[in-house]
């Protein structure tokens, strides 16, 4: 089973269409294995990207060195998935009872 | 039986059992139809809500990208709502007295199972791509609408891989064949999450559809009704102007086929969870979405073409 330990979801606020273009360029860098949950299109709408743990540093350095405003939407994806899984198991037990 | 917990995420088996239960519990109104089989051999079930013969139809599907669990949950809740409100709610009753509704709760069953068992973030089908180590096709880049154009990848390892040809995915072909064979589908609504958008064609090109003004007005009325419950804010617009250019999408195909009322819903996001929306959010999401859906289907009912 694939795990997502240490993967984060970053929420990026682009300030201009130039920054949107830069984020779109990021999408083409396949080696970073980024999963765009919300795509870069319009500066009014934040961009959400799931970043694998091993590429977090590179992506954050890229964002910070280009003055992107971002926040961490999900600190550790696996933790949230584990909670979700536990909740599902608990619900299934309740239903069996 | 009334014991099903709509406020929880469930396995495919449980969803399928519940789909069967709804058809049994409301047998005079609802039938379960198998419209195809997934790549890995799972049945693709549609719930048909019908009170007579030779009616025009409205299509609703959910969860084409498997990881969007709230989407399938919302569709299942909607199925129960439609069935239980018939004969009680005047709007639902008049809708189902004039139109059939087809509801596909799990559009990508293989992906749904894979997201439960192997990769929670999976969004594609599970077909084998010959010559590649990577599996699956993005089923919402695989429709015959500008296929192969911008906003879809030709790389089988990409999450937006369009596939070798339009309708190469059996899950897509099953729906397309059903729509073509029916011939009188008047509305097509595809439910996704998350982003809080109500989208209209086009995505494969950046020009407005001929019915742009009407579709935008319907969309605004729907999202205004949706927002009245919990204040969730939606953006209405074409796929290209609201998100980005993307080819091979379902509502572009249906619109070009002549189904004027073609919409894609991107359901709620609180800004904290993305595709991991907690179960406490399921019922509010379903309830508010229903208000939006109802506005759309009422417009379809009242504006025959």
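Divided by 2.2 N^0.38 Å, where N counts the residues, the Cα radius of gyration of segment B:74-119 comes to 1.57. If you model segment B:1-149 as an ellipsoid using its alpha carbon gyration tensor, with each semi-axis the square root of five times an eigenvalue, the axes come out at 30, 18, 12 Å, biggest first.
Along each principal axis, taking the top coordinate minus the bottom one, the Cα set of segment A:1-53 gives 38, 19, 13 Å in descending order. Between B:188, B:102, B:275, the residue with the greatest mean-square fluctuation in the GNM of chain B (Cα pairs under 10 Å linked by springs) is B:275.
Over all alpha-carbon pairs in the protein assembly as shown, figure out the percentage whose distance exceeds 36 Å.
Looking at the protein assembly as shown, the distances longer than 36 Å represent 19 percent of pairs.
In segment B:166-249, inverting the average of 1/r over every pair of distinct C-alpha atoms gives 14.4 Å as the Kirkwood radius. As a length-normalised measure over Cα pairs under 8 Å and 6 or more apart, the relative contact order of segment B:1-105 settles at 31 percent. Fraction of C-alpha pairs exceeding 37 angstrom in chain B: 7 percent, rounded to a whole number. The relative contact order of segment B:205-253 comes to 40 percent, based on Cα pairs under 8 Å that sit 6 or more residues apart. Pairing the Cα long axis of helix A:77-96 with the longest principal axis of chain A, what angle in degrees results, from 0 to 90 and rounded to the nearest 10? Helix A:77-96 and the main axis of chain A meet at about 30 degrees. Averaged over residues, the count of other Cβ atoms within 10 Å places the peptides B:288-295, B:90-97 in the sequence B:288-295, B:90-97, highest first.
Oblate is the label for segment B:253-305. Its Cα gyration tensor axes, ordered a ≥ b ≥ c, give a/c of at least 1.5 and b/c at or above a/b. Take every DSSP beta bridge whose two residues both sit in segment B:18-115; close to 65 percent of them are antiparallel.
Look at the stretch B:254-262: the mean tally of other chain Cβ atoms within 10 Å of its residues' Cβ atoms is 0. Mean per-residue shielding of peptide A:83-90 is 3, counting Cβ atoms of other chains within 10 Å of each Cβ. Based on the reciprocal of the average 1/r between different C-alpha atoms, the Kirkwood radius for segment B:94-215 equals 16.3 Å.
Of the residues A:86, A:24, A:33, the one that moves most in a GNM of chain A with alpha-carbon contacts below 10 Å is A:86. May I ask what percent, to the nearest 5, of DSSP beta bridges between residues of chain B are antiparallel? In chain B, approximately 40 percent of DSSP beta bridges are antiparallel ones. Note: segment B:188-305, Cα convex hull, 96 Å³ per residue. Going by the alpha-carbon gyration tensor, a ≥ b ≥ c the square roots of its eigenvalues, is segment B:1-73 rounded (a/c under 1.5) or, if a/c is not under 1.5, prolate (a/b greater than b/c) versus oblate? Verdict is oblate for segment B:1-73. For the residues of B:271-284, the average number of beta carbons from a partner chain within 10 Å of their own beta carbon is 4.
In chain A, helices alone account for a calculated mean residue ellipticity at 222 nm of -13500 deg cm²/dmol, with every DSSP H run of four or more residues adding -39,500 (n - 2.57).
Taking Cα atoms only, the orientation of helix A:56-65 departs from the longest principal axis of chain A by about 30 degrees. Take the alpha carbon gyration tensor of segment B:194-241, find the square roots of its eigenvalues, order them as a ≥ b ≥ c, and report rounded if a/c is under 1.5; if not, report prolate when a/b exceeds b/c, else oblate. The shape class here is oblate. Normalising the average separation of contacting C-alpha pairs (under 8 angstrom, six or more residues apart) by the number of residues puts the relative contact order of chain A at 41 percent.
The calculated P(r) of chain A, using every Cα pair and 10 Å bins from 0, goes 15, 43, 23, 12, 6, 1 in percent.
Taken together, the values in this text are just the output of simple stated rules run on the coordinates, not laboratory data. From a predicted model like this one, the values you see are computed outputs, not experimental measurements. Because the Cβ atoms are built from the backbone with ideal geometry, glycine has one as well, and the counts that use them run over all protein chains shown.
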